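To start, the structure itself, in structure tokens.
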Amino acid sequence: MKKPGTERGGKQFEGRGVVLKPGREKSVHNRHQWIFSGAIQSFPPAFTDGKIYPVFSAGGLLVGYGYFNRKCSLTGRLVSLGQTGPEEAIRKNLTKAIRLREKVYGQAEACRLVNGESDSLPGLVVDRYQPGLVIQISTLGMENLKPLMVQLLSELIKPAFIYEKSMVPSRKEEGLEEKEGLLTGQLPEPLIINEQGIKFKVYLTGAQKTGFFLDQREMRQLVREIAAEKKVLDGFSYTGGFALSALKGQASRVDLVDSSHQALDLARENMALNVFRDSSFRLINQDMFAFLNEQPKLPYDLVILDPPAFAKKKADQRQASRAYQRLNYLAMSRMKAESFLLTFSCSYYINRELFQKIIFQAALQAGRQVKIITSNRQAYDHPVSIFHPESDYLKGFLLYIS
Ligand code: SAH
């Protein structure tokens with residue numbers, strides 16, 4: 001791998017690219033793709049937000065190519081680190097991303113093919129839901145690259161459809177509207193995906209995320225492995241990913257709790273699709289905190305808590321910590337002796353260390369013995385580049401409560 005910035009960009013770029021402040025090329029040398037506004041010395045004349053420009057160190061060395069949006073404090077994201085031209089870098093990175101998933105999952109029907117910065121494709125997520133693809137674009141620069149991405153994905157994968165689901169609040173900051181719709185082909189709704197022998201219906205329109213929580217794949221497998229003969233509570237169940245995995249693993253029964261009745265309606269459809277008996281599960285449309293609070297004792301052998309991100313920004317950290325603590329306290333204080341708690345946080349701003357501290361506080365408050373059996377992270381198709389730890393967001397602990 002060539003070290004970025006080892007060659008002069010050449011006269012043709014001088015004065016036409018974005019120039020960094022002295023020393024600020026260091027993060028690029030560390031292979032980080034983000035450029036904050038404070039690192040930028042100058043923009044070229046007639047600069048346009050969202051277009052790709054060469055990026056130079058203060059000394060005039062070409063360090064990469066990236067797109068910029070002056071509306072955002074995270075102003076620039078590099079699509080190429082070094083001398084490779086942007087289009088070639090994008091094609092290479094996309095091909096590499098797809099190959100990685102083939103290596104870890106083979107031809108999985110549902111998996112994440114591109115995970116933004118982790119795959120050196122900032123602002124882009126691509127999920128495969130056989131027979132098509134769902135893409136999510138979060139930045140102006142990637143929005144401009146959409147025609148290229150659609151062309152490359154069509155060429156490399158030949159999907160039956162490409163559906164855009166760019167429903168991410170961060171688009172607002174970029175000056176973009178949230179949007180969703182079909183870009184190519186025809187969408188057969190609902191899609192039915194098969195994950196290790198379990199079928200799930202996925203409606204792309206109106207769904208959360210890109211339709212399914214792909215990031216919990218290995219955790220669904222874990223639940224399946226440990227669920228035999230257990231009474232299970234799937235807290236924050238969405239469409240029943242964990243509940244169905246538990247039943248597939250011979251759980252004796254499962255209760256699903258979610259505040260969204262649409263999610264539970266789809267969970268019911270999923271139960272029928274997999275021919276699980278009505279008597280093996282119960283759907284509870286309630287706030288999870290209230291559900292836990294109103295029962296003095298929980299009869300479950302395994303409790304799963306997979307709430308939405310309580311901390312969406314750094315400023316939420318304190319309040320979110322309290323919410324995680326309360327939730328875990330409520331569960332721990334009511335759980336049976338010698339039972340399991342599988343608890344998650346998908347808030348990037350609650351890191352693993354902090355989450356463990358929160359669990360410690362909850363255990364202390366509940367007056368229970370708590371042991372970590374294993375700790376986990378997001379699925380294999382959501383890799384974290386060692387140069388971009390910001391992509392690490394989902395953490396989970398399997399705990400033994402006695
Ligand atoms: N475990 C799921 C994903 C959970 S996503 C899976 O693996 O597929 C979080 C879910 O929590 C969403 O379905 C959302 O509707 C639900 N939710 C959000 N706040 C809630 C609350 N206070 N009580 C119960 N459910 C809630």
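Tell me which residues, restricted to the range 224-240, are within 16 Å of I198 (Cα to Cα) and basic (K, R). Passing the criteria: only R224. Each residue in the range 239-254 was checked for being touching a residue at least 60 places away in the same chain (Cβ under 8 Å) and not in a helix (DSSP H, G or I), and 0 pass.
Scanning the range 236-261 for residues that are near the ligand (Cβ under 9 Å from one of its atoms), at negative phi and open to solvent by 30 Å² or more (accessible area, probe 1.4 Å) turns up just one, S259. Only one of the listed residues (I157, I162, I135) is under 28 Å from S73 (Cα atoms) and either in the same structural domain as G241 (by TED's automatic domain parsing) or not charged (D, E, K, R) (or both). That residue is I135.
Could you go through the range 99-106 and let me know if any residue there is open to solvent by 10 Å² or more (accessible area, probe 1.4 Å), at positive phi, within 19 Å of the chain's Cα centre (by Cα) and not assigned by TED's automatic domain parsing to the domain that holds H382. Within the range 99-106 (the criterion being open to solvent by 10 Å² or more (accessible area, probe 1.4 Å), at positive phi, within 19 Å of the chain's Cα centre (by Cα) and not assigned by TED's automatic domain parsing to the domain that holds H382), the answer is no, since none of the residues qualifies. Among the residues examined, K179 qualifies as away from the ligand (no atom under 12 Å from the Cβ), of a type in the set (D, E, K, R), within 20 Å of the chain's Cα centre (by Cα) and within 29 Å of R77 (Cβ to Cβ).
Within the range 294-308, identify whether any single residue is within 12 Å of the ligand (Cβ to nearest atom), open to solvent by 10 Å² or more (accessible area, probe 1.4 Å) and not in a strand (DSSP E or B), and answer yes or no. Among the residues of the range 294-308, at least one is within 12 Å of the ligand (Cβ to nearest atom), open to solvent by 10 Å² or more (accessible area, probe 1.4 Å) and not in a strand (DSSP E or B), which makes the answer yes.
Given the criteria surrounded by fewer than 13 Cβ atoms within 10 Å (Cβ to Cβ) and modelled with pLDDT of 95 or more, does P45 qualify? No. Take F360 and tell me if it is open to solvent by 30 Å² or more (accessible area, probe 1.4 Å) and aromatic (F, W, Y). For F360, the condition - open to solvent by 30 Å² or more (accessible area, probe 1.4 Å) and aromatic (F, W, Y) - is met. Please enumerate the residues belonging to the range 171-188 that are assigned to a loop (DSSP other than H, G, I, E, B), at negative phi and surrounded by 12 or more Cβ atoms within 10 Å (Cβ to Cβ). Once the filter is applied, which keeps residues that are assigned to a loop (DSSP other than H, G, I, E, B), at negative phi and surrounded by 12 or more Cβ atoms within 10 Å (Cβ to Cβ), the range 171-188 yields E173, E174, L176, E178, L187. Filtering the range 266-277 for residues that are assigned to a loop (DSSP other than H, G, I, E, B), within 9 Å of the ligand (Cβ to nearest atom) and in contact with a strand residue (DSSP E or B) (Cβ under 9 Å, 6 or more places away or on another chain) leaves an empty set.
Looking across the range 201-239, the residues that are of a type in the set (G, A, S) and at pLDDT 95 or above come down to A227, A228, G235, S237.
The values are calculated or read from the model by the stated rules, or taken from the named source; none is laboratory data. Here the structure is a predicted model, which means the values were calculated and not measured. No Cβ is skipped: glycine too gets one built from the backbone with ideal geometry, and neighbour counts run over all protein chains shown. Note: areas computed on protein heavy atoms with side chains; ligands, DNA, RNA excluded. Shrake-Rupley method; radii C 1.70, N 1.55, O 1.52, S 1.80 Å.
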